[in-house]
Amino acid sequence: MGRYSRLRAIRRMDPVRDCAEILRLVSQYEFPWDYRQGVSVAFLRDFGIPGISVLLDRTQEFERSGQKRYDDTVLLTYELTADGFESERARAAARHLNRIHSRYRIPNEDYLYVLATTVVGPKRWIDRFGWRPLCPEEVQALAEVGRNMGRVMGLTSVPATYAEFEELLEAYEAEMFAPVPANRRVATATLRTMAGWYPSPLRPLVARFVLALLDEPLLRALGFTPQPRPVQILAVRALRVRAHVVRLLPARPGWLPSRPRPRSYPFGYRLDDLGPHWAQNRPIEPLPDEVADAADSSGVPPRPAP
């Protein structure tokens, strides 16, 4: 398979109808490492919003189980998209995700912002550090995946295009980014998790490397100072050299997808394993369209999911 064969195939796809398949090709074949880095940076952006970081700091999920929290987020996204959004697998994942969040009073706007980071973060990273930029069909597919995730979670006012997701993200950060102690605590716990993926002698350097790639508004919101300019330049150049090398490599073969390999579940996982332990025994709440279907069939609206 030629280096650009999948790109040509993706350009022939319908990014609305085939969004889950395009995401699979992007995240498992074309840019597996870069996609994961974009998601990791998206995690850090969430912590610049005090309403999000204070809640996470209170639960201590990242401090006690940072790797599991990261793995659970990646795996739930995988479960939602692996067989398409209309599959029973996706609906089960959406029910489980809503069950996890039903314990907390989280505003719709915070949900939308977190969703926007998962759309915008990978696109920005790949365009900056990937072996090629995303094509328009891939960008539209990322936005369509985000729109579908919002739909199955029952969110309102979900953006429909990448430009709308990016506009939402930038406007929300301009209004809500603020440095509070919880931001730094949760971000530090997450950086510790990321650094833990590498040998011990490299971990301090990994944390500085990540910080060197973050923009100043985010660093201020997280309570970190910018890295020295030479460190920033070195980090960017190292990633661009990597992109050049990857561009010269053959395409990943079709029989070797780069699927999630969660460190927290070395022997595999079930859907109920994902999320906090308390969520595993809670009753499953219906999805919003299931509530509507029940109302239509009985004439009596049932109690909506929280």
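Values quoted throughout were computed directly from the atomic coordinates according to the rules given, and no laboratory measurement underlies them. Remember, predicted model here, so these are calculated numbers, not experimental data. Every residue, glycine among them, receives a Cβ derived from its backbone with ideal geometry; neighbour counts consider all protein chains shown.
Points to keep in mind about this one:
- Debye, to nearest 20: dipole size of the chain, +1 on Lys, Arg Cβ, -1 on Asp, Glu Cβ: 1580
- Region 10-148 - percent relative contact order, Cα under 8 Å, separation 6 or more: 46
- When each of 12, 36 is scored by the number of other beta-carbon atoms lying within 10 Å, the sequence from fewest to most is 12, 36.
- From its DSSP helices (H runs of at least four residues, each -39,500 (n - 2.57)), the chain gives a residue-normalised ellipticity at 222 nm of -20000 deg cm²/dmol.
- Label-zone membership for region 29-59, site residue 135, 7 angstrom Cα→C-beta point, backbone N under 13 Å: 30
- The trypsin sites (Lys or Arg not before Pro) of region 40-123 that meet both conditions, a loop assignment by DSSP and at most 15 other Cβ atoms within 10 Å of the site Cβ, are 103, 105.
- Panel note: the C-alpha atoms of region 181-274, placed on their principal axes, show extents of 43, 41, 27 Å (largest first).
- Axial C-alpha extent at least 15 Å, average Kyte-Doolittle at least 0.0 - helices from the chain (DSSP): 229-248
- Chymotrypsin sites (Phe, Trp or Tyr not before Pro) within region 112-209, DSSP loop, no more than 16 other Cβ atoms inside 10 Å: 197
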